[in-house]
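Q: Dropping a structure here in structure tokens format, bear with me for questions.
The values are calculated or read from the model by the stated rules, or taken from the named source; none is laboratory data. The structure displayed is predicted, hence computed values, not measured ones. Here Cβ is always computed from backbone atoms with ideal geometry, including for glycine, and neighbour counts include all displayed protein chains. In case anyone asks, the SASA skips ligands and DNA or RNA and just uses the protein heavy atoms, side chains included. Shrake-Rupley method; radii C 1.70, N 1.55, O 1.52, S 1.80 Å.
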Amino acid sequence: MQSDRGRRKLLEAIYAQVILDITSGNLDRTFQYLIPARLREQIRPGTQVIVPLGKGNRQVKAYVLELEDRPACEPEKIKEIIDLSHDAVPVESQLIELAFWMKRRYGAAMIQCLKTVLPVARRIKAAEKKEIYRAADQAEYENFLAECRRKHQKARVRLLEAIPEEGPVPYELVGQKLHVAASVIRNLEQKGLIRVQSRTIMRNPFDREKREKQILKLNPTQQEALRQLMEELHCPGEKKPCLLYGITGSGKTLVYMELIEEIRRQGKQAIVLIPEIALTYQTVMRFYNRFGDRVSFINSRLSAGERYDQFLRAKNGELDVMIGPRSAVFTPFPNLGLIIVDEEHESAYKSETAPRYHARDVAIARAAMCGGMAVLGSATPSMESAWQAAQKQFRLVTMNKRAREEAVLPSVHVVDMRQEMMAGNKTMFSRLLYEKLKERLERKEQSMLFLNRRGYSSFVSCRSCGEAIKCPHCDVTLTLHRNNQLKCHYCGYSIPMVQSCPSCGSPYVAGFGTGTQKVEEKLRELFPEARILRMDMDTTQGKNGHENIIAAFANEEADILVGTQMIVKGHDFGKVTLVGALAADTSLYTSDFRACERTYQLLTQAAGRAGRSGLPGEMVIQTYKPENYSIQTAAAQNYGAFYQEEIRYRRMMHYPPCSCMAKIIFSSPSENNARELAAETAAALRKRLHAGAGQVLGPSAAEIGRINDIFYYNLFLRTSGRELMNRELEFINSFMEWTKCKKDVMIQFDIL
């Protein structure tokens, strides 16, 4: 009898496969625990629980991945889950599946992937609004009020007189305006005269008034693009990702809105990814004016409470559209039908911390998992997306006309700065750009000037010995700012401007190069009557920093906007008729095989800011390398010619997208340890890879070999296909365990 009960109990047991909330390669595997009967109804995939670990049964947090009815070993050896983690946010099953995909794709630890897909790491206390109502009947209330007046109880009188017969008075008003203490409120509540009531309110980061709903009519080009996208959207079965290639100003956003309208009719939700915080304000306003309170946004500048509430609203079905940068792809919508990746070519979609995921690829994977569709939009598609379209893996939809009939693409002038110097012009502004700026000021039109550097000077060096002033913690030079401070933009180290060279003692030290602050200063000297705004990382530190500058320029409160490349991405300013690129070839000299691609994209996007509302636009490209094909094709605004030239180079060099490539990053406080482990890993990989299947390059010191006193070494792995790359990344993770590698060496994978 007892054995029958034991067998029955065993059959009724439910187990959970969990992964521990510890970022450690040695624990990046699942463990099985017994679910106690009291918790069976509350535990499901995604729940965070407390489990005992090790001989001492140390309590740690873990995520439930799946439920099972069979033990993995002898039941008596399986430990029991202790409790739920009550401050955790549940993970949706689909997001767990996405975390598994990211682990394999990017070679990251499973716990890192889970923490990335989690909308928020913990519950945030709900925001509450307290209100005070009358609780007694009219006669009793009036009698008590009269008694308080007679006894000169002024605080009670102020409060009781302020509460209307019907409806409440806000609790904060009582303290701030009426100056009534909490003890008085409690006393009246105990006497039954008043009632204090609390209600939960959702923090809303968007507090603008909605303007009148405007539904613009699509032009024939937009209608045809929408027809093709709708055809794919209504296709039964798996839907191909769509690449919407539309020139700047072609009206891609309007097409996005029509797609979202269709998704909403189906009772589904949509995510719109945007690359920069700076784009949030204009983009959200467009969507908010169309969809009202059913749209929200997130970005890194929101408070923890605001972010938590937006994801909770999405999960509860109170939103239809979420807009935001790459992390918005993990919005826990219950019935996701569409993910739009606007400006899909932008490098901002690539995470710089583990797991180093690309939001474009994650969006495609998530859309496939939920049976939805991914739309990638750009005027300058990434080589990866264009390649996939050429291979028929993506559906290509083209928009080759600007949305407004009167708007035409700007004319582009390329100025060879070598000739300017030979002609005696040693300023940062070419003669042509100076004349164009002067014309715009006279015509009351706006101009934009962008540079790839913020600060005042790019570096400071000694004119006697040539030594540059470097950060003591990083292998980079310090940047001079106008407040006479030298600053490291990697670790934040800052010192006052030096008066003599630390190396030779010479007093002849000075700044070299040009930053946005210096451009602003020189403009004020040349055009003292001009109203100038500057937009870079230094002027947009506050929560609404981007929004305030963009709004001011859009309201024509400035004539010239100076900034880094953030100012020329996605903005729509009707009065801008001139864009100037002060150092167009700066991005050509980075040690990155995508240098020409990014140069072409930046210049083409910049040109697209001019002449968007009927006024003819112009762009001036100042360069020391006018013969480079990326500058020539950008000036001609010919993406096809650029793609053909660039893909020829990628094939010849076996660079992505013609192959798969990963950078393996070894970092440690000990340079020797990082270098040795990188060399051991390279040797192990070379033994595995046969000719033609892959190639190992390096190891070598990183371009910036030390940041904040941590040394970096890189190893490059190139393979012929994605599956082989995934297998080799798994091998490297296993190799780290087999060799019991030095504990002070961290390893990260960066899929290029």
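Q: Can you name the residue in the stretch 407-416 that is of a type in the set (A, V, I, L, M) and not in a strand (DSSP E or B) and, of all such residues, is surrounded by the fewest Cβ atoms within 10 Å (Cβ to Cβ)?
A: It comes out as V408.
Q: Another question about this same structure. Tell me whether the stretch 355-371 contains one or more residues that are more than 25 Å from L729 (Cβ to Cβ), assigned to a loop (DSSP other than H, G, I, E, B) and in contact with a strand residue (DSSP E or B) (Cβ under 9 Å, 6 or more places away or on another chain). Walk me through how you get there before you give the answer.
A: Here is the first cut: in the stretch 355-371, the ones more than 25 Å from L729 (Cβ to Cβ) are 370-371.
Checking the rest, the ones that are also assigned to a loop (DSSP other than H, G, I, E, B) come to 370-371.
Within this subset, residues satisfying the condition of being in contact with a strand residue (DSSP E or B) (Cβ under 9 Å, 6 or more places away or on another chain) are 370-371.
Looking through the stretch 355-371, at least one residue is more than 25 Å from L729 (Cβ to Cβ), assigned to a loop (DSSP other than H, G, I, E, B) and in contact with a strand residue (DSSP E or B) (Cβ under 9 Å, 6 or more places away or on another chain).
Q: Go through (1) at pLDDT below 70; (2) surrounded by fewer than 18 Cβ atoms within 10 Å (Cβ to Cβ) for S494 and report which single condition fails.
A: Just one mismatch for S494, condition (1).
Q: Turning to a different aspect of this structure: Pick out the one residue from E306, E318 that is farther than 22 Å from Q565 by Cα and surrounded by fewer than 19 Cβ atoms within 10 Å (Cβ to Cβ). First the steps, then the outcome.
A: Numbers: E306 fails: surrounded by fewer than 19 Cβ atoms within 10 Å (Cβ to Cβ).
Residue meeting the stated conditions: E318.
Q: Identify the single condition in (1) at pLDDT 85 or above; (2) crowded, with 17+ Cβ neighbours inside 10 Å that C741 does not satisfy, given that it satisfies every other one.
A: Failing condition for C741: (1).
Q: Is the stretch 597-605 home to any residue that is over 26 Å from A554 (Cα atoms), under 30 Å from the mean Cα position of the chain (by Cα) and open to solvent by 10 Å² or more (accessible area, probe 1.4 Å)?
A: Yes, there is a match, as at least one residue in the stretch 597-605 is over 26 Å from A554 (Cα atoms), under 30 Å from the mean Cα position of the chain (by Cα) and open to solvent by 10 Å² or more (accessible area, probe 1.4 Å).
Q: Output the helices (runs of 4 or more DSSP H) that fall wholly within the stretch 215-307 and possess 1 or more residues being free of Cβ contacts under 8 Å to residues at least 40 places away in the same chain, more than 30 Å from E618 (Cβ to Cβ) and among the acidic types (D, E), or say none.
A: On the way: elements: 220-233, 252-265, 280-291.
Passing ranges, in order: 220-233, 252-265.
Q: Here's something else I'd like to know. Against the condition within 20 Å of M230 (Cβ to Cβ) and under 18 Å from the mean Cα position of the chain (by Cα), how does A374 come out, does it pass?
A: Numbers: within 20 Å of M230 (Cβ to Cβ): yes; under 18 Å from the mean Cα position of the chain (by Cα): yes.
It is true that A374 is within 20 Å of M230 (Cβ to Cβ) and under 18 Å from the mean Cα position of the chain (by Cα).
Q: Within the stretch 543-563, restricting attention to residues that are open to solvent by less than 40 Å² (accessible area, probe 1.4 Å) and not in a helix (DSSP H, G or I), which residue is modelled with the lowest pLDDT?
A: Let us first name the residues in the stretch 543-563 that are open to solvent by less than 40 Å² (accessible area, probe 1.4 Å), namely 545-547, 549-553, 558-563.
From what is left, the residues that are not in a helix (DSSP H, G or I) are 558-563.
Values: A558: 88, D559: 92, I560: 90, L561: 90, V562: 88, G563: 84.
Ranking the qualifying residues of the stretch 543-563, first place goes to G563.
Q: Among the listed residues S700, S613, identify the single one that is free of Cβ contacts under 8 Å to residues at least 24 places away in the same chain, among the hydroxyl-bearing types (S, T, Y) and surrounded by fewer than 18 Cβ atoms within 10 Å (Cβ to Cβ).
A: Numbers: S613 fails: free of Cβ contacts under 8 Å to residues at least 24 places away in the same chain.
The match here is S700.
Q: State the number of residues belonging to the stretch 148-191 that are open to solvent by 70 Å² or more (accessible area, probe 1.4 Å) and assigned to a helix (DSSP H, G or I).
A: Initial filter on the stretch 148-191 (open to solvent by 70 Å² or more (accessible area, probe 1.4 Å)): 149-152, 154, 158, 161, 165-166, 172, 176-177, 179, 186, 189-191.
In the following step, the residues that additionally are assigned to a helix (DSSP H, G or I) were identified as 149-150, 154, 158, 161, 172, 176, 186, 189-190.
Count: 10.
Q: Restricting to the stretch 454-474, and then to whatever is open to solvent by 10 Å² or more (accessible area, probe 1.4 Å) and either touching a helix residue (DSSP H, G or I) at 6+ places or on another chain (Cβ under 7 Å) or modelled with pLDDT of 90 or more (or both), can you tell me which residue is nearest to R706 (Cα to Cα)?
A: R454
Q: Can you name every residue in the stretch 417-447 that is open to solvent by 70 Å² or more (accessible area, probe 1.4 Å) and of a type in the set (D, E, K, R)?
A: Passing the criteria: R418, K426, R431, E435, K438, E442, R443, K444.
Q: While we're here: Would you check which residues across the stretch 509-536 are out of contact with any Gly (no Cβ under 7 Å at 6 or more places or on another chain), modelled with pLDDT under 80 and not in a strand (DSSP E or B) and list them?
A: Within the stretch 509-536, G513, T514 qualify.
Q: Here is a list: I163, I124, I132. Which entry is modelled with pLDDT under 80 and among the β-branched types (V, I, T)? Show your work before the answer.
A: Numbers: I163 fails: modelled with pLDDT under 80; I132 fails: modelled with pLDDT under 80.
Of the residues listed, the single one that is modelled with pLDDT under 80 and among the β-branched types (V, I, T) is I124.
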